[in-house]
Amino acid sequence: MNSFSIFFFYLICVLCISSCQKKEKILTKSEKEWIELFNGKDLNNWVVKIKGYPINENVNNTFRVENGVLKVSYDEYQSFDASYGHIFYKTPFSSYKLKLQYRFVGNQVNGGASWAEKNSGVMIHSQSPKSMGIDQDFPVSIEVQLLGGIDNEKERPTGNLCTPGTHVEMKNELITEHCINSSSKTFYGDQWVDLEVLVIQDSIITHKINGKEVLSYSKPQIGGEYNTLISREGELLKSGYISLQSESHPVEFRNVKLLEID
């Protein structure tokens, strides 16, 4: 091998090592940017609001942590009695990717509405828990609705859209229906399901289930059923809080993390 070949071989090796190191730095930086919203140990940084009770009163130990999982449980309830609840992360966000896993377990508590069986949700662009009325059912927000299959003969997609006190646009048309189904398949068992939500202020919101996009919409805004912020009717929602829902069926969450987008 002549001197030029040796030099060229050496140069290629240097460039390859440099490229690998650069990729490694990018991956490390990307990993560090993800925020673990749920630490798997306790409910630090989360705020509870249950209908009929003051903020941070975790009635009947509804929200709890066991074995690294954030559980919504009703084993201390005699009857649900419309005690809709939400647990909010302490900080509002504007543009981000949110990832988590969820699954439905056990049986619905006595007194839960029939529509709430295997039904929960992730609220985004939500009003703060402090601003909610003591008897308010749901925060004004965009709900990423989570459903589980009940009847093997009936499809029941998940990653849907519900709009408590809000509207959205799809294909430049204002959508005033309360709930819109996604294109996801139905999950009948107690398997963990991956949810990813992309939120870019009031520009675009997309839902993914197990890595597949199942719904997309834009221009989330205040208005419609369950709107307790009448003076802000029509206001576009560019940011807000994230919460996990309690609607009467036991549900579990884990690996809740968020990547902010500039």
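The values are calculated or read from the model by the stated rules, or taken from the named source; none is laboratory data. This is a predicted model, so every value here is computed, not measured. FYI the Cβ positions are ideal-geometry reconstructions off the backbone, even for glycines, and counts take in every protein chain you see.
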For the condition touching a Pro at 6+ places or on another chain (Cβ under 9 Å) and either farther than 15 Å from Leu146 by Cα or surrounded by fewer than 16 Cβ atoms within 10 Å (Cβ to Cβ) (or both), what is the one hit in Ser114, Ser126? Ser126
Limited to the range 46-70, what total is found for residues that are farther than 14 Å from Lys90 by Cβ and touching a helix residue (DSSP H, G or I) at 6+ places or on another chain (Cβ under 9 Å)? 3
Please list, ordered by residue number, the strands (runs of 3 or more DSSP E) wholly in the range 162-214 having 3 or more residues that are under 24 Å from Val69 (Cα atoms) and in contact (Cβ under 8 Å) with a residue 12 or more places away in the chain. 193-200, 204-209
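Restricting to the range 130-153, name every residue that is at pLDDT 95 or above and over 16 Å from the mean Cα position of the chain (by Cα).
Lys130, Ser131, Met132, Gly133, Ile134, Asp135, Gln136, Asp137, Gly149, Ile150
Of all residues in the range 39-62, how many are part of a loop (DSSP other than H, G, I, E, B), closer than 23 Å to Ser131 by Cβ and of a type outside the set (A, V, I, L, M)?
Number of matching residues: 10.
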Is one or more of the residues making up the range 175-189 over 25 Å from Val105 (Cβ atoms) and touching a helix residue (DSSP H, G or I) at 6+ places or on another chain (Cβ under 9 Å)? no
Complete set of residues in the range 49-70 that are touching a residue at least 40 places away in the same chain (Cβ under 8 Å) and in contact with a Phe, Trp or Tyr (Cβ under 8 Å, 6 or more places away or on another chain): Lys49, Ile50, Lys51, Thr62, Phe63, Val69, Leu70
Across the range 71-119, the tally of residues that are without any contact (Cβ under 8 Å) to a residue 24 or more places away in the chain and outside any loop (DSSP other than H, G, I, E, B) stands at 2
Looking only at residues that are of a type in the set (S, T, N, Q) and modelled with pLDDT under 95 in the range 154-188, which one is farthest from Lys51 (Cα to Cα)? Asn172
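When only residues in the range 34-74 that are among the small types (Gly, Ala, Ser) and either within 16 Å of Gly121 (Cα to Cα) or out of contact with any strand residue (DSSP E or B) (no Cβ under 9 Å at 6 or more places or on another chain) (or both) count, which is surrounded by the most Cβ atoms within 10 Å (Cβ to Cβ)?
For the range 34-74, the residue satisfying everything is Ser73.
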Kindly evaluate Val65 against the criterion of being assigned by TED's automatic domain parsing to the domain that holds Ser246, aliphatic (A, V, I, L, M) and outside any strand (DSSP E or B). no
In the range 237-258, which residue that is of a type in the set (S, T, N, Q) and surrounded by fewer than 20 Cβ atoms within 10 Å (Cβ to Cβ) is farthest from Phe38 (Cα to Cα)? Ser239
Any hit, the range 190-207, residues being surrounded by 14 or more Cβ atoms within 10 Å (Cβ to Cβ), of a type in the set (Gly, Ala, Ser) and touching a strand residue (DSSP E or B) at 6+ places or on another chain (Cβ under 7 Å): no
Selected residue (criterion: farthest from Asn67 (Cα to Cα)) from residues of the range 236-262 that are in contact with a His (Cβ under 9 Å, 6 or more places away or on another chain) and in a strand (DSSP E or B): Gly240
